[in-house]
Structures are given as structure tokens and as C-alpha cells.
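Down below is the structure, laid out as C-alpha cells.
The values are calculated or read from the model by the stated rules, or taken from the named source; none is laboratory data. Owing to the predicted nature of the structure, the values given are computational and were not obtained by experimental measurement. A quick note on method: Cβ atoms are made from the backbone with ideal geometry, for glycine too, and the neighbour counts reach across all protein chains shown. Each accessible area value is taken on the protein alone, full model and side chains, heavy atoms only, with ligands, DNA and RNA left out. Shrake-Rupley method; radii C 1.70, N 1.55, O 1.52, S 1.80 Å.
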Amino acid sequence: ADGKTQIIDKGVYKSWGRDRLYFVDGKFSSFKESMKILCADDVNMDVDLKSLISFDVSEKSIEFIKSKMPTRKVNEEISGYELSLDEFYKMAVSDVVRGTGRNIISANETDDIRPNRKQLEAAIQAAVIERVEALKYPIRVSAVLLSNIDYPESVKLKREEIKNVQLEEERKAALAQARLAEAERMVAVETEEAKVRLVRAKAQASEYSILGEQLTDQFLMWR
């Protein structure tokens with residue numbers, strides 16, 4: 001009632017008169033945004049952004065919570081107001097995540113997104129945290145992840161077509177290489193066999209020459 005605010009830990013407390021008690025769940029929650037993002041090469045990419053977020057209640061965020069946070073009245077042993085992270089995400093954080101992800105990813109061509117996934121993820125996370133802090137939202141952003149990146153069905157079919165053509169060309173090239181290797185092997189075999197025949201022919205010619213020298217008329221008459 002005197003306007004003072006106190007952050008208290010787990011336990012049982014009472015609020016009297018005009019005092020108001022807020023219950024805060026401090027655990028992290030995961031939120032997913034599924035988007036179609038038009039990239040620099042005019043292709044729509046299917047992108048999922050996953051954010052891990054929790055409330056960050058501090059002295060700085062109390063006034064924001066009291067004045068702007070969506071609350072749900074609860075009537076348990078102690079009546080009070082529960083802060084809804086789900087409601088706050090839908091109301092204020094979702095647009096920040098979607099807008100940041102769209103601005104950063106759309107500046108890239110689709111073929112550059114997957115190879116640069118880690119860099120894009122880091123850029124999106126840093127930009128979301130910076131924006132949340134600038135808006136003084138009472139939340140902690142632990143991570144923003146690119147949980148899924150996919151081409152539209154028409155592009156996937158086209159890429160599969162291209163890949164199949166590439167595989168067929170690679171198969172043909174491999175067969176041609178194998179045939180060339182076999183031809184080179186056969187040439188090598190023929191060359192070696194020709195060398196053997198040449199050596200034999202030279203040996204035989206030498207033999208005939210020697211015999212020819214020895215077959216004189218006298219030797220033949222004697223025989």
C-alpha cells in the first residue's frame with residue numbers, strides 16, 4: 001500500500017489490504033516460430049526459429065511488470081496475480097523474433113543459408129537480445145536457434161532433378177575413366193608383348209645369320 005516493491009524468494013507470504021502479490025515462474029520455456037522467408041534470390045525458404053526464454057525479475061523490471069505485463073488472477077492459499085510468459089511472448093516477443101529472423105535471413109540467397117547457418121543463428125540471437133534489452137522487457141533470452149531450414153517442395157524437386165543429372169554424369173564419367181584405364185592397360189600389354197616378339201625376331205634372325213655363314217658349299221657337299 002505504501003508503493004514499495006520487494007522481491008521475495010519461494011515460500012509462503014501474505015499480502016494485506018491494497019498490496020498486490022505477483023507469482024513468477026522462473027523456468028525457461030521454449031517457443032517456436034515457423035515462417036516462410038523470401039530470400040535475396042526470390043525463393044521462399046521454410047524456416048523454424050526456436051527461442052529459449054525465461055522471466056528475469058529484477059529491481060529494474062518491476063515497474064514494467066506492474067504497469068504492462070499481462071497477469072492472470074489466481075485464487076489459491078494466497079490470492080495474487082500470475083505472470084504469464086506464454087501471453088507475454090505472444091503479445092510482445094514473437095514479433096521481435098519473427099522480424100529479426102526475417103530481416104537477417106532474407107538478405108541472403110537460399111544456397112548461402114545452410115552453409116552459414118551458425119553465423120546467421122548467432123546474428124539473430126544477438127539482435128533479438130539487443131532489441132529485448134532496448135525495450136526493457138523483463139525476460140532473459142538464453143538462445144535463439146535455427147531449428148529447421150528447408151526449401152519449398154517445387155525447389156526440392158528441381159534440386160533433386162539436378163542432383164540426379166549430376167549423379168548420372170558422374171556415373172558416365174566413371175565408366176569412361178574405367179574404359180580409358182582398361183585401354184591404357186591393354187596398350188601397355190600390347191607394347192610389352194611387341195617388345196618380346198621383337199627380341200625373339202632379332203634372336204631368330206641372328207641364328208639364321210650364323211647358320212648361313214656356316215653353310216658353305218664344302219660343308220654342304222660333305223653333308
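Every condition in (1) surrounded by fewer than 12 Cβ atoms within 10 Å (Cβ to Cβ); (2) modelled with pLDDT of 75 or more is met by residue 160 except one, and the failing one is (2). Note on the stretch 93-137: residues that are at pLDDT below 90 and open to solvent by less than 30 Å² (accessible area, probe 1.4 Å) amount to 2. Residue pairs whose Cβ atoms lie under 6 Å apart, separated by 6 or more positions or on different chains, with the first residue in the stretch 105-129 and closer than 30 Å to residue 56 by Cα and free of Cβ contacts under 8 Å to residues at least 24 places away in the same chain and the second open to solvent by 30 Å² or more (accessible area, probe 1.4 Å) and part of a helix (DSSP H, G or I), are 123/104. None of 67, 84 is loosely packed, with under 13 Cβ neighbours inside 10 Å, more than 12 Å from residue 128 (Cβ to Cβ), more than 24 Å from the chain's Cα centre (by Cα) and polar (S, T, N, Q) except 67.
Just a yes or no: is a residue in the stretch 25-48 open to solvent by 50 Å² or more (accessible area, probe 1.4 Å), in contact (Cβ under 8 Å) with a residue 40 or more places away in the chain and within 24 Å of residue 4 (Cα to Cα)? Yes.
Only helices (runs of 4 or more DSSP H) whose full extent lies in the stretch 39-115 are considered here, and the ones with at least 1 residues that are among the β-branched types (Val, Ile, Thr) are 62-68, 94-105, 110-113.
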